[in-house]
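Colleague: Sharing a structure with you now.
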Amino acid sequence: QVQLAESGCLLVPSLGSLILSCAASLLTVSRYTMAWFRQGPGKEREFVAAIRWTVPIVYYADSVKGRFTISRDNAKNSAYLQMNSLKPEDTAVYYCAAQDSSASVRNSDYNYWGQGTQVTVSS
């Protein structure tokens, strides 16, 4: 069974930095578009970033552009989300996702999901 395992619950101060990792099992990240979504308190799940499997083209939500960086390490079969200049509004459960097609911002296009990891940014 395919598994995507994100890093554990994390608390960081405002303007701090954090790296989330997503380790894949029974799925080769180099052959999938990898993405990060998040769901804040009382909000719908929203797209954060994606990296295509064919070429490493990346996509970002406007709210994180310039602060977050998505990457993958094929040798470690993992994807990452480097988050800098964190704001309290970045507080959310962050989900790793994968799909075997082009990058998309829609939840419904992704076949596989991690269990989510809580990121809390204190003000």
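The values are calculated or read from the model by the stated rules, or taken from the named source; none is laboratory data. Keep in mind that what you see is a predicted model, and the values were worked out from it rather than measured. Every residue, glycine as well, gets a Cβ built from its backbone with ideal geometry; the counts of neighbours run over all protein chains shown. Please note that ligands, DNA and RNA were not included when accessible areas were found on the heavy atoms of the full protein model with its side chains. Shrake-Rupley method; radii C 1.70, N 1.55, O 1.52, S 1.80 Å.
Colleague: Among all residue pairs at least 6 apart or on different chains, which show Cβ distances below 7 Å where the first residue, located in region 49-60, is on the phi < 0 side of the Ramachandran plot and among the basic types (Lys, Arg) and the second is part of a loop (DSSP other than H, G, I, E, B) and at pLDDT below 95?
Modeller: That search, which allows pairs on different chains as well, returns Arg52/Ser102; Arg52/Ala103.
To keep it simple, each residue is scored yes or no on (1) open to solvent by 60 Å² or more (accessible area, probe 1.4 Å); (2) touching a Ser or Thr at 6+ places or on another chain (Cβ under 6 Å).
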{"position": "Ser7", "(1), (2)": "no, yes"}
{"position": "Ser14", "(1), (2)": "no, yes"}
{"position": "Ser21", "(1), (2)": "no, yes"}
{"position": "Arg45", "(1), (2)": "yes, no"}
{"position": "Ile70", "(1), (2)": "no, no"}
{"position": "Tyr94", "(1), (2)": "no, yes"}
{"position": "Thr117", "(1), (2)": "no, yes"}
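Colleague: So, one more: Tell me the strands (runs of 3 or more DSSP E) entirely within region 1-99 that contain at least 1 residues that are closer than 16 Å to Gln115 by Cα and not hydrophobic (A, V, I, L, M, F, W, C).
Modeller: 3-6, 18-25, 33-39, 46-51, 78-83, 92-99
Colleague: Can you run down the residue pairs with Cβ atoms below 6 Å, 6 or more apart or on separate chains, where the first is in region 62-76 and under 17 Å from Gly16 (Cβ atoms) and the partner is open to solvent by 50 Å² or more (accessible area, probe 1.4 Å) and of a type in the set (S, T, N, Q)?
Modeller: Arg67/Asn84; Arg67/Ser85; Thr69/Gln82
Colleague: So, of the residues in region 78-120 that are among the acidic types (Asp, Glu) and more than 14 Å from Pro41 (Cβ to Cβ), which turns out to be modelled with the highest pLDDT?
Modeller: Only one residue fits best here, namely Asp109.
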